[in-house]
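FYI, it's all coordinate maths here, none of it is from the lab. As the structure is a prediction and not an experimental result, all values here were calculated from the model. Glycine also receives a Cβ, built like all others from the backbone with ideal geometry; neighbour counts cover every protein chain displayed.
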Amino acid sequence: MARIIGGYFTSHVPGIGLAIAKGLKQDAYWRPFFDGLVPVQNWLNEKKPDVAIVFYNDHGLNFFLDTMPLFAVGAADVYHNDDEGWGLPVQQSFQGHPKLSWHIIECLVEDEFDVATCQKMKVDHAVVVPFQLAYPDAASWPVKIIPIAINTVQHPLPSAKRCLALGRAVRKALETWGGDEKIVVMGTGGLSHQLEGERAGFINKDYDLFCLDNLGPHPEALTQHSPVEIVELSGSQGVEILNWIAARGALGLANPLQKHRNYHIPISNTAAATLLLEPAA
Ligand code: DHB
Ligand code: FE
């Protein structure tokens, strides 16, 4: 059986990619965030996962407002990156694991998750930036990926409860998979931020700390709020926490071990956070 060895959660601000491209990682503004990734890099280096299941949201590269699935699972051989408008240098493509993707899709549909299936899928900064942070000097990415896009963009959004259940169903699917891959799950985006409108720049540290404190031990606490309530609490893009909640679901019911956590305000418009959890033994 494949094994989930940990969960890596991080913000995916595109400015991080620009800072990397400009060599600014040790700049006073960026350093408190980049330094918070070193324990994640070391952990990945030690554990060497084979596959990453990435819960993220697309920002208009693969899906636009005219066609927006609530949950979309990648089932491609390869996932190319492109710049959806932030001026980010295009990064190397990711290898997929289509057989495992289709196994997960079959199990999810059997579990009544009516997901979209994507045999072609481009991945934007919400996938690429967390990998640049995790594997800073990689010429090619050392893991295969299975991207799972959650609609955090166009309302109605899926509920936090449903996202947690999706992650749990992905975990259940892995229990019937014949391979012996080591798997890391990833949740990208958040924490609180709002990019547009009257509340542009909105950050809510209290709510962010509530999420960081409870995601591991009490993920249900994060499902008490509807998506619109999460937008009120955390900003119109802070609702990307749904990706973290889904990834947490894949770590199982028991309380995971918190290996590392970092929180820094602000990076661009975002309360930037990194969290590393290991499932209970
Ligand atoms: C920013 C944050 C995001 O999550 C994103 O997708 C785009 C921009 C920001 O803070 O600049
Ligand atoms: Fe985003």
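Only lysine pairs 8 or more places apart, or on different chains, with alpha-carbon atoms under 12 angstrom apart are counted in the chain, and they number 5.
Remark on Leu257: its backbone amide H falls under 5 Å from those of Glu278, Ala280, a criterion applied only to residues 5 or more positions apart or on other chains, H modelled at 1.01 Å from N.
Volume per residue of the convex hull around the Cα atoms, evaluated for region 135-189, comes out as 111 Å³. Percent of Cα pairs in region 130-281 per distance bin of 5 Å, from zero to the largest separation: 2, 9, 18, 22, 20, 16, 8, 4, 1, 0, 0. Based on the convex hull around the alpha carbon atoms, the chain presents an average projected area of 13.1 nm².
Using Cα-Cα distances under 8 Å and only pairs 6 or more residues apart, what relative contact order does region 3-278 have, in percent?
So the answer I get is 30 percent.
Given C-alpha coordinates of region 1-141, what is the ratio Rg to Rh with the Kirkwood estimate of Rh? Rg/Rh: 0.97. When the Gaussian network model of the chain links Cα atoms closer than 10 Å, the mean-square fluctuations of Arg199, Arg248, Arg168 top out at Arg199.
Under a Cβ-Cβ cut-off of 13 Å, what is the net charge of the residues other than Ile245 that fall near it, where Lys and Arg count +1 and Asp and Glu count -1? Show your work: numbers first, answer last.
Values: positive: Lys161, Arg162, Arg168, Arg248; negative: Glu220, Glu240.
Overall, the nearby charge balance is +2.
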